[in-house]
Structure formats: C-alpha cells, structure tokens
1. Hey, could you check segment 86-106 for residues that are at pLDDT 85 or above and among the polar types (S, T, N, Q) and say which is surrounded by the most Cβ atoms within 10 Å (Cβ to Cβ)?
2. Within the bounds of segment 15-26, is there any residue that is modelled with pLDDT of 95 or more, more than 20 Å from Arg4 (Cα to Cα), touching a Leu at 6+ places or on another chain (Cβ under 6 Å) and not polar (S, T, N, Q)?
3. What number of residues within segment 1-23 satisfy the criterion of being under 21 Å from the mean Cα position of the chain (by Cα) and either surrounded by 18 or more Cβ atoms within 10 Å (Cβ to Cβ) or touching a residue at least 40 places away in the same chain (Cβ under 8 Å) (or both)?
4. Using beta carbons and a limit of 7 Å, which pairs, at least six apart or on different chains, have the first residue in segment 74-88 and over 13 Å from Gly15 (Cβ atoms) and the second one among the aromatic types (Phe, Trp, Tyr) and at pLDDT 95 or above?
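The values are calculated or read from the model by the stated rules, or taken from the named source; none is laboratory data. This structure is a prediction, so every number in the text was calculated from the model and none was measured. So basically every Cβ, Gly included, is an ideal-geometry build from the backbone, and we count neighbours across all protein chains shown.
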Amino acid sequence: MKERITQKATYLGIGVGLVLFAIYGLLPGSFLGGVAGLSIAGAIFGTPVEPGVLSRMLIAVSMITGIMVSGMIFVTATSTVGWAVGSAISTLKGSKKEIVTAEAGK
C-alpha cells in the first residue's frame, strides 16, 4: 500500500510539473536558449550574426535545448515534491494503523 500512494503522488507531481512547464517554462526556456544560441553564433561567426543557414540552425538547436532543460527542471522538481508528499502520507498512514493495532491488542 505504501508504494501505491507514493507512486500516485509521484505521477500527480509529474502532471503538475508538465502543466506548470506549459504555462511558465516554455517561453522563457525558448528565450534563454535563443539568447545563448545568439551568443554562441556571435562568437563563432562574428557579430552581428548573418542570417545564414548554419547560424539559424545553431540558434534553433540552442532554443530546443533551452526548452528541454526547462522541462526537465520543472518535471524533476515537481515529481520529487510529489514523491516526498506521497512518502510522508504513506508513513503517517502506516504509523496510524500500527497505533490502532497496538491499542486493539491490549
């Protein structure tokens, strides 16, 4: 029973993390990745960055990387919080059952 509550809470945390990522993490991840890509492209090709294929591909890859990192942070953090809450609930439930069975045995 303990693992089932913890597992459900972890899945709930993952769902909340995906929703929060969609609302608060998608656009900032794209912006930060794009800025990093522009910095890298500027260092490689010189500033101002010319609108060439390679520089655009580099910027696009860095934007996707920024989105992926943002998503990993959101989902990992909220699933960890969900796991911790589920573990706490299952521990409290288990200790309550032990107290009831101990009192019944007297």
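1. Per the stated criteria, the residue is Ser90.
2. Checked segment 15-26: no residue is modelled with pLDDT of 95 or more, more than 20 Å from Arg4 (Cα to Cα), touching a Leu at 6+ places or on another chain (Cβ under 6 Å) and not polar (S, T, N, Q).
3. Residues flagged as under 21 Å from the mean Cα position of the chain (by Cα) and either surrounded by 18 or more Cβ atoms within 10 Å (Cβ to Cβ) or touching a residue at least 40 places away in the same chain (Cβ under 8 Å) (or both) within segment 1-23 amount to 15.
4. Every condition considered, no pair remains.
Condition check ((1) out of contact with any Phe, Trp or Tyr (no Cβ under 8 Å at 6 or more places or on another chain); (2) among the charged types (D, E, K, R); (3) part of a helix (DSSP H, G or I); (4) surrounded by 14 or more Cβ atoms within 10 Å (Cβ to Cβ)) across all residues:
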site	(1), (2), (3), (4)
Gly33	yes, no, yes, yes
Ala36	yes, no, yes, yes
Pro51	yes, no, no, no
Met57	yes, no, yes, no
Val61	yes, no, yes, no
Gly66	no, no, yes, yes
Thr76	yes, no, yes, no
Ala84	yes, no, yes, yes
